[in-house]
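Peer 1: Please find one structure pasted underneath; my questions will follow.
The values are calculated or read from the model by the stated rules, or taken from the named source; none is laboratory data. Only a predicted model underlies this, so the values are computations on that prediction, with no experimental measurement involved. For neighbour counting, all protein chains shown are included, and Cβ atoms are generated from backbone atoms with ideal geometry for every residue, glycine included. These accessible areas exclude ligands, DNA and RNA; they are computed on the full protein's heavy atoms, side chains included. Shrake-Rupley method; radii C 1.70, N 1.55, O 1.52, S 1.80 Å.
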Amino acid sequence: MPSPPVSPPHPRSPAYLATLLMTLVASGGLYLLYFSGLQAGGFDAAGLLLGRDFLNLHFAGTLLGRGEMTTLFDQQAYAGAMRAHLGRDYTIHNWSYPPHMFPLAQLAASLPYFVALGLWSLLGLALTCVGARLAGVPLAWCLPIVLSPAVTVNLLAGQNGTYTAGLLLLALTLAERRSWLGAGLCWALLTVKPHLGLLALPMVLLRGQWRVVLAGAVCLSVITALTLALYGAEPWHLFLTETTAQQRVVVEEWRGLLLRLMPTAFIAGRLAGFETGAAYALHAGVAVLTLLLLWRSWPGQGGALRDWITWFSLGTFLLLPYSFYYDLVIVQVMLVLWVGEPKRLFPTRSEAVARIAWYVAWFLPYLCYLAAFFWGLQLAPVLLLLMLTGRVVDRRRAGAV
């Protein structure tokens with residue numbers, strides 16, 4: 001049964017004003033706290049440079065410009081080169097992107113660091129807002145999205161969650177509008193973070209969107225061919241061997257702040273003190289339950305765009321053992337699409353309970369970090385499962401009408 005049209009509350013409504021006010025206070029307070037601790041040179045209280053993860057992109061472009069490409073794939077050499085570049089002892093970073101990020105890295109390095117960071121942040125916000133508008137979000141609701149917890153964490157970290165959210169929204173929206181080439185290009189560009197496309201190919205194939213598959217394959221082939229022509233085959237070989245091995249070490253062995261920023265069942269197990277095997281077993285159990293719920297909540301031929309965005313985003317972040325709060329920007333957009341009908345997103349018949357649950361989900365990146373920091377609990381998978389269960393219940397109710 002098709003979903004009714006999306007109708008987030010009017011900007012003058014209590015729901016909009018409450019969301020905007022609470023988000024402004026929470027995120028504004030975080031910005032104030034962070035920027036008040038900045039030291040000379042743009043280093044924060046932890047000794048990390050403002051836009052800490054964007055530093056990877058900018059510095060990678062610097063290394064490529066020097067002809068030191070292989071340094072990117074040796075974590076110790078990369079960390080040493082970054083320390084020499086910054087002129088100070090700096091926490092270890094690692095390069096984790098495939099070679100088709102190289103041109104963007106070189107473009108970023110052609111500009112002074114803080115200029116490039118500012119442009120990077122603004123363009124990412126613009127892409128998210130364009131994707132949200134095409135998905136049916138009213139213009140006024142873009143402001144709460146820009147101030148939302150996931151976007152705030154993304155901007156303070158200099159991350160790419162606004163880009164991936166925008167591309168995911170565009171890919172799903174353009175496919176609905178039968179713009180096959182545009183949708184395929186977006187999916188191809190998203191291969192810079194391939195794990196976020198875990199459900200993409202199965203979803204597109206099951207929906208029979210063969211032109212999207214063909215367009216995506218052509219676009220990815222062109223992008224790959226260009227990187228091979230520009231940089232050769234060596235970076236691809238190093239990425240598939242060295243970088244993927246490094247990322248496994250990051251997930252399984254790194255400690256500290258990293259674990260408190262990852263909303264996955266695997267990390268929930270690690271925070272609880274499980275051994276690696278037991279944490280994977282916990283994640284596998286959650287993944288099996290997720291697949292069952294995805295099957296029961298499949299939007300079908302009559303599913304609206306909002307249904308597909310919800311199905312894809314919730315399923316993706318429940319199935320992945322490796323993701324971060326800044327990747328949840330698309331979930332913030334999804335929540336706005338349901339803000340007028342929270343009972344259809346949570347398994348309850350109480351409007352008040354559903355509204356409270358919606359606000360808990362909206363502030364999830366903040367609340368779950370606090371729970372992880374103070375109590376060693378990662379509650380995000382529970383809340384994501386609750387919303388996916390809510391979609392199953394809603395479809396069952398719709399079928400009974």
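Peer 1: Just order 182-190, 60-68 by mean Cβ neighbour count inside 10 Å, highest at the front, would you?
Peer 2: Values: 182-190: 23.0, 60-68: 16.9.
In decreasing order of mean packing, 182-190, 60-68 become 182-190, 60-68.
Peer 1: When 1/r is averaged over all different Cα pairs and the result inverted, which Kirkwood radius in Å belongs to region 141-199?
Peer 2: In region 141-199 this quantity evaluates to 12.3 Å.
Peer 1: Continuing with the same structure: Quick check: the angle from helix 54-66's long axis to the longest principal axis of the chain, C-alpha only, nearest 10 degrees?
Peer 2: For 54-66 against the chain, the angle is about 40 degrees.
Peer 1: For q = 0.08 Å⁻¹, what log10 I(q)/I(0) does region 218-374 give under the Debye formula with an equal point scatterer on each alpha carbon and no solvent?
Peer 2: -0.33
Peer 1: What figure in square angstrom, to the nearest 10, would you give for the accessible area of Phe274 with a 1.4 Å probe?
Peer 2: In the full protein context, Phe274 sits at about 90 Å².
Peer 1: What are the equivalent ellipsoid semi-axes of the chain, built from the alpha-carbon gyration tensor (square roots of five times its eigenvalues), in whole angstrom, biggest first?
Peer 2: Calculated on Cα positions only, the semi-axes equal 33, 25, 21 Å.
Peer 1: Carbon and sulfur: what percent of region 162-251's accessible surface (1.4 Å probe)? Working shown, then result.
Peer 2: On the way: 3110 of 4320 Å².
Result for region 162-251: 72 percent of the exposed heavy-atom area is carbon or sulfur.
Peer 1: Next up: Mind running the shape call on region 68-177? Use the C-alpha gyration tensor, a ≥ b ≥ c as the square roots of the eigenvalues: rounded below 1.5 for a/c, prolate if a/b tops b/c, oblate otherwise. Don't skip to the answer; put the middle values down first.
Peer 2: Details: a/c = 2.69, a/b = 1.98, b/c = 1.35.
Prolate is the answer for region 68-177, as a/c is 1.5 or above and a/b outweighs b/c.
Peer 1: Kindly express, to the nearest 10 degrees and within the range 0 to 90, the angle between helix 75-86's C-alpha long axis and the longest C-alpha principal axis of the chain.
Peer 2: For 75-86 against the chain, the angle is about 80 degrees.
Peer 1: Same structure, new question: Order of 105-114, 324-333 by packing, highest average Cβ count within 10 Å first?
Peer 2: Ranking, from highest mean packing down: 324-333, 105-114.
Peer 1: Hey, what D do you get for region 299-401 in µm²/s if you plug the Kirkwood alpha-carbon radius into Stokes-Einstein at 25 °C and 0.890 mPa s?
Peer 2: Result for D is 173 µm²/s.
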